[in-house]
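Notes follow once the structure below has been shown.
The values are calculated or read from the model by the stated rules, or taken from the named source; none is laboratory data. Quantities reported herein were computed from a predicted structural model and do not represent experimental measurements. Heads up, the Cβs are rebuilt from the backbone with ideal geometry, glycines too, and the neighbour counts pull from every protein chain shown. Only protein heavy atoms, including side chains, enter the accessible area calculation; ligands, DNA and RNA are left aside. Shrake-Rupley method; radii C 1.70, N 1.55, O 1.52, S 1.80 Å.
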Amino acid sequence: MTSTPRWRQVAAATGLLAPDGTVGQTIFAEMTVLANRTGAINLGQGFPDVDGPDYVKEAAKAAIDAGRNQYPPGDGVPELRRAIAEHQQRHYGLDVDPDTEVLATTGATEALTAAILALTGPGDEVITLEPFYDSHAAAIAMAGATHVPVPLTVDLRLDAATLRAAATDRTRMILVNTPHNPTGTVLTRTELEQVAAVARERDAVVLTDEVYEHLVYDDAEHVPMATLPGMAGRTLTVSSSGKTFSLTGWKVGWLHGPAELVTAVRTVKQFMTYTSGSAFQPAIALALADDETPRALAASLAARRDLLCEGLEAAGFDVVVPRGTYFVVADGAPLGFEDGHDLCLRLPELAGVVGVPVSAFCREGSTAADALRSRVRFTFVKRPEVLRDAVGRLAALGR
């Protein structure tokens, strides 16, 4: 009997494989095409519509002019690795060796994928929260490991009892995404301690996706898992410059953790991209010393979040106000829409706006998919004037 090709397993794990065997687009591509075709405002895909700081772009140009255009070291240029270590010490009190415990990657996606491929395989289980970012599920499928999603509660919080029940002797890794995409939830220290306890009990590695680490609002606090007692030795921390500095296309990410785990990830990563971003890496090293730009961005995004949330509530949605990320989750059920995907397909006609159904971040037919079926994710990482236009259009739903 012919086995299922791995690419089809990846397509199935990310909801792209139709019952007839055809492979569809990601939900982001589908909704972006819909927005472009209809002229709707695209609040589905989370990318900034303005660039990051001029001084960082100028630093990249200077690096190009200085001849930094060939392969950089496979683990990242020294100044970037030092800047990452200094950033972690300054913000979180973490002591990280830039020479043995830091790995620069082609965005956070490569860091996460390389870590999952390096440390898990057939017979292993990888726990994630559900909803989950699609690349997490894809990487687990690539590794041939078993994906064990743990559903968030209906108010988008961690259920510690459900997490504990999901863990088994085969749990090799727990993947924690906080601040969380797609929900905007920022896990509290107490919630993270509950994850840490399960990881210690099952002797599992914790892989953290912290790309929104600086984009937290109100009194929310981002707590890196590696700062919790006893966790630095079993945690791989992943982040990137894309969200923090609004330079998503540069794809400069990183991973740090215990030297032996970083060595394992490096061994796999070097046969993926090997290396990239030769002129971008020194520019991001410079940016990582800048704490004011991320603070200003977070303040600006908090105001834009409030603008969109107020508009969604006025239009008739129930809204869970996010404490972090680029995204807000809104429930269309009060407007009579029990199916978020159907609502997203109709929104361009009804209101001239595009969102993304939260069910696209869940396994088809799962408890989470059912509980969140009427929810839609919208992004507020757009210029205020774009959001005001979108809010004005959405008001048509409430009339």
For segment 63-70, 3J(HN,Hα) per residue [Karplus equation, 6.51 cos²θ - 1.76 cosθ + 1.60, θ = phi - 60°, Hz, x = Gly/Pro]:
5, 4, 5, 7, x, 8, 10, 9
What nm distance separates the two modelled labels at Ala12 and Phe47, each placed 7 Å from Cα along Cα→Cβ?
3.1 nm
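Pulled fully out, how much extra length does the chain show between Asp95 and Asp290, if you take 0.36 nm times their separation in residues and subtract their Cα-Cα distance?
68.3 nm
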GNM of the chain, Cα pairs under 10 angstrom: of Glu221, Glu313, Glu201, the biggest fluctuation goes to Glu201
Column: log10 I(q)/I(0), Debye, Cα scatterers of segment 178-316, q = 0.12, 0.13 Å⁻¹
-0.60, -0.70
Whether segment 31-155 is rounded, prolate or oblate, judged on the alpha carbon gyration tensor where a/c under 1.5 counts as rounded
oblate
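Just to verify a number: FRET efficiency for Glu385 and Glu313, C-beta to C-beta distance, R0 = 22 Å, to 0.05?
0.60
Kindly sort Lys57, Lys269 by accessible area of their heavy atoms, largest first, with the probe set to 1.4 Å.
Lys57, Lys269
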If packing is taken as the average number of other Cβ atoms within 10 Å across a peptide's residues, how do 80-86, 147-153 rank, most packed first?
80-86, 147-153
With no solvent and one point on each alpha carbon, what is the Debye value of log10 I(q)/I(0) for segment 119-252 at q = 0.12, 0.20, 0.21 Å⁻¹?
-0.44, -1.26, -1.37
Carbon and sulfur: what percent of the chain's accessible surface (1.4 Å probe)?
51 percent
Please compute P(r) over all alpha-carbon pairs of the chain, binned at 20 Å starting from zero, and give each bin as a whole-number percent.
28, 59, 13, 0
Return one whole number: the accessible area per residue of the chain in Å², for a 1.4 Å probe.
40 Å²
Residue of Phe378, Phe337, Phe361 that the Gaussian network model of the chain assigns the largest fluctuation, springs spanning Cα pairs under 10 Å
Phe337
Computed lengthening from Val154 to Asp339, 0.36 nm per intervening residue step minus Cα-Cα distance
65.0 nm
For Met142, Met31, give the ranking by accessible area with the largest first, probe 1.4 Å.
Met142, Met31
Summing -39500 (n - 2.57) over the DSSP H runs of n ≥ 4 in the chain and dividing by its residue number, what mean residue ellipticity at 222 nm do you reach, to the nearest 500 deg cm²/dmol?
-12500 deg cm²/dmol
Once the Cα gyration tensor of segment 162-215 is diagonalised, what are the square roots of 5 times its eigenvalues, in whole Å and ordered largest first, as equivalent ellipsoid semi-axes?
21, 11, 10
Relative to the present Cα-Cα distance, how much length would full extension add between Thr22 and Gln70 at 0.36 nm per residue of separation?
13.3 nm
List, in order, the whole-Hz ³J(HN,Hα) value for each residue of segment 93-105 obtained from phi through the Karplus relation with A = 6.51, B = -1.76, C = 1.60 and θ = phi - 60°; use x for Gly and Pro.
x, 8, 8, 10, 7, x, 8, 10, 10, 10, 9, 7, 9
Give or take rounding to whole Å, what are the principal axis extents of the alpha carbon atoms in segment 290-399, in descending order?
44, 33, 18
